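Everything below concerns the one structure shown next.
The values are calculated or read from the model by the stated rules, or taken from the named source; none is laboratory data. Since this is a predicted model, take the numbers as computed values, not measurements. Here the Cβ positions follow ideal geometry from the backbone for every residue, glycine too, while neighbour counts run over all protein chains shown.
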Amino acid sequence: MWRRLVIGLGGAVGLLLGGASPALAQSFGGDAKVLPFIGAVAGGIALGLLFAILVGPSRSVERDLSGRLGVYADVSTADRGFFGKMPILRAFSRRAETMAHDRGVFSMIETALEQANVPVRPGEAITIAIGVAVALGLVVFLFTGGAIVALVVAVIALAIAGALVQTVASRERSRFEDQLPDTLNLISTSLRAGYSLLQAVEAVGSEASDPTGREFQRAITETRLGRSPVDSLKMVADRMESKDFDWAVLAINIQREVGGNLAEVLQTAAETMVERNRLRREMRALTAEGRISAIVLGGLPIFLFIFLYLTNQQYLEPLLTTFPGIMSLVGAGVGLVLGVMWLRKIVAVDI
């Protein structure tokens with residue numbers, strides 16, 4: 001409020017100086033060119049300050065409340081950051097969120113962003129991905145002049161953005177699963193030392209490395225805001241898509257209802273998870289050859305097509321300009337996707 005009052009007083013003073021500059025020039029006998037120029041400058045400053053007052057940002061009650069809650073919830077609101085300063089981008093991101101809701105992919109995108117620890121909303125992520133894809137498509141179109149190539153590059157850029165987020169999210173999930181036995185051992189040790197369940201969760205949040213420490217700190221924050229500890233841990237299991245931790249939360253919930261030695265149960269679960277992880281790594285080593293074969297066979301046609309297009313474009317012209325050629329490309333793409341999915345299904349072992 002004080003900032004706006006000072007700006008308003010400055011604007012009023014500037015307007016008074018700008019309006020009174022001719023009178024000052026006549027009263028003091030000054031140069032008729034200097035004082036009007038000063039008055040014009042003061043008037044411009046005043047107009048700028050008034051514009052800042054009228055359309056500048058203001059701190060409303062809702063914004064103050066969002067700022068205070070932002071200390072406890074690590075989420076990016078639509079009124080902050082770059083998107084909050086650009087109304088067009090903010091409106092586009094909200095429209096993208098609405099379309100994602102209508103098509104049922106909003107929760108999937110939000111889960112992937114949370115798992116990858118990307119501090120943007122789903123609508124903002126969609127806007128950034130589309131903007132980068134359009135920019136790359138325009139650059140390719142300006143350099144090559146081919147609309148089809150620019151469209152293909154834009155689609156590939158969107159696919160790479162989605163695959164990158166999914167890859168980071170998958171890596172975070174794998175790290176969480178690898179850290180889970182140590183996490184359960186730490187909780188079990190804390191319970192045996194006389195800690196309560198909430199104190200044990202706080203110990204994990206402060207001592208464990210990310211992503212386990214980050215997720216448990218979020219669970220602690222949700223508990224302080226009113227959610228029960230079991231529900232907060234259940235949300236962690238759902239966010240990280242961890243069946244093992246979901247079973248551990250189920251054991252905690254059963255122990256809270258019927259009683260029992262929770263520390264011993266968690267330690268037994270941790271030992272079982274260690275053995276399962278060891279077996280899972282052995283199976284990945286045994287199926288590594290099949291997975292590499294799937295990657296090579298899936299990527300070879302794509303890289304060969306790009307190489308031929310860059311070196312001998314006339315050779316591929318019938319595939320891109322004739323109807324039988326386009327249908328052949330579509331059939332080859334569908335067959336390639338089915339083949340890669342088949343190979344992945346063969347080498348995938350669920351333990």
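Would you check which residues across the range 207-241 are modelled with pLDDT under 90 and hydroxyl-bearing (Ser, Thr, Tyr) and list them?
Scanning the range 207-241 gives SER209, SER228.
Looking at (1) assigned by TED's automatic domain parsing to the domain that holds THR212; (2) farther than 30 Å from GLU110 by Cβ; (3) surrounded by fewer than 17 Cβ atoms within 10 Å (Cβ to Cβ), can you tell me which one GLN267 breaks?
(3)
Going by the conditions given, is LEU320 modelled with pLDDT under 85 and over 33 Å from the mean Cα position of the chain (by Cα)?
yes
For the list (1) more than 18 Å from the chain's Cα centre (by Cα); (2) modelled with pLDDT under 90, I need the number of the one condition that LEU186 fails.
So LEU186 meets the others, but not (2).
Would you check if ALA135 is assigned to a helix (DSSP H, G or I) and not assigned by TED's automatic domain parsing to the domain that holds LEU233?
yes
Condition check ((1) surrounded by 11 or more Cβ atoms within 10 Å (Cβ to Cβ); (2) not small (Gly, Ala, Ser)) across all residues:
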{"residue": "GLU289", "(1), (2)": "no, yes"}
{"residue": "VAL296", "(1), (2)": "no, yes"}
{"residue": "GLY299", "(1), (2)": "yes, no"}
{"residue": "TYR309", "(1), (2)": "yes, yes"}
{"residue": "GLY333", "(1), (2)": "yes, no"}
{"residue": "LYS345", "(1), (2)": "no, yes"}
{"residue": "ALA348", "(1), (2)": "yes, no"}
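Can you pull out the residues in the range 171-206 that are within 18 Å of ASP231 (Cα to Cα) and surrounded by fewer than 16 Cβ atoms within 10 Å (Cβ to Cβ)?
The answer is SER196, LEU198, GLN199.
Say we look at the range 270-323 and pick out the residues that are of a type in the set (Ser, Thr, Tyr) and either part of a helix (DSSP H, G or I) or in contact (Cβ under 8 Å) with a residue 40 or more places away in the chain (or both); which of these is farthest from GLY339 (Cα to Cα)?
THR272
Which of the following residues is under 21 Å from THR111 (Cα atoms), surrounded by fewer than 18 Cβ atoms within 10 Å (Cβ to Cβ) and of a type in the set (A, V, I, L, M): MET240, MET235?
MET235
Scan the range 135-159 residue by residue and report those that are closer than 17 Å to ALA125 by Cα, without any contact (Cβ under 8 Å) to a residue 12 or more places away in the chain and surrounded by fewer than 13 Cβ atoms within 10 Å (Cβ to Cβ).
If the condition is that a residue be closer than 17 Å to ALA125 by Cα, without any contact (Cβ under 8 Å) to a residue 12 or more places away in the chain and surrounded by fewer than 13 Cβ atoms within 10 Å (Cβ to Cβ), then ALA135, ALA159 are the ones that fit.
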